[in-house]
Amino acid sequence: MSIKPNSTAAVETTLSSSSPRLSTSIHDLRVRPTHSVARTVSFHDCLLLTISKAVLREPQTMFGIDINWWGLALPFSYLIVLVGSLMTFSTIYRKRKAAESANLEPWFGPHLQRNIYLSLLHMEPEEGVEKSPRVPESVIRAALIRRAVEDIHRIIQVRTAKAACSSLLQRGSVGDDLWQRFTRAEKEMEEELRDVVQEANALAPGWGQTIFQSAHEIAANGVLRKRLDEIQAQTESEKQWWEKRRAAIQQEFMAELDGEDEKQKGTSSRAPSTGGEDEPVLVDQNTPLASASTASKKKKGKK
């Protein structure tokens, strides 16, 4: 394999016009044409090596500024390695956190009302039955309202527990697992509320704005009824307790009255015996004088 002189001259002129440094390097490597394959290959190797070195080391001009890309290769490689390591660490960390949060116990139990609503909404006819009765829309609406009522109860629980959980977390009384469960429950409730509003608007336009107001009234009425039932269930026990208490009070009063009667009887029985001993004797002061006057009269009559 050999290189023709004309082709070599063309390469020289092209490289000379692009860069003056390449022309000097090519002049230094110029050799006489020979039939030796070894010298021809060495010429090609030297030419490519010289061109690559010249291109990499020669500062390029961009926006009027000379930039040495060979000097910037190390900082760029460092940035690429740093960004790649950070992205890898972030991806692994997020995957581990997602796996840990997925293994945590949910804050609330299964949503029975939501499952009932979805079952009624997506109920399909049985196999072998051509015409099955369709679920009435009123039943679907009632199921959706029940679902919203359950959401109201869960929202109240989340709001009441948020302050306590945050204070306990700040004190270090609970771990991060409990707080992660709580935050996940909050996110699930937000998604549940949006889903209920969308379902309500799909059943009746504009119903999503008032469904939670109706659900709140139903929930408050249910709590009031539950409280009344508890009070009525306690009436019998309260009556029995009050009967026992009244009987005990009556016994105490009767015992006090009996004690007072016994005291009065004791004082009356002691009165005669004490009166005979300690009662003063009354003496008539006029009797001695009368006896003395009668005695003096008798003496005068004898004289």
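All of the numbers you see were taken from the coordinates with simple rules; none came from a lab. Since the structure is predicted, the reported quantities are computational estimates derived from the model, not experimental observations. With ideal geometry, Cβ positions are generated from the backbone for all residues, glycine too; neighbour counts draw on all protein chains shown.
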**Asked** Taking the Cβ of SER166 as the center, what net charge do the other residues with Cβ under 13 Å away carry, scoring Lys and Arg +1 and Asp and Glu -1?
**Response** +1
**Message:** Below 12 angstrom from the Cβ of ALA143, what's the summed charge of the other residues (Lys, Arg +1; Asp, Glu -1)?
**Reply:** +1
**Asked** What is the fewest-to-most order of ARG147, ARG114, ARG94, ARG184 by other Cβ atoms lying within 10 Å of their Cβ?
**Response** ARG94, ARG184, ARG114, ARG147
**Principal axes of region 149-208: Cα extent on each, largest first, Å** = 48, 17, 14
**Fill in**
Going fewest to most other Cβ atoms within 10 Å around each Cβ, PHE212, PHE182, PHE76, PHE108 line up as PHE76, PHE108, PHE182, PHE212
**Message:** Within a 10 angstrom radius of the beta carbon, how do ILE155, ILE249 rank from fewest other beta carbons to most?
**Reply:** ILE249, ILE155
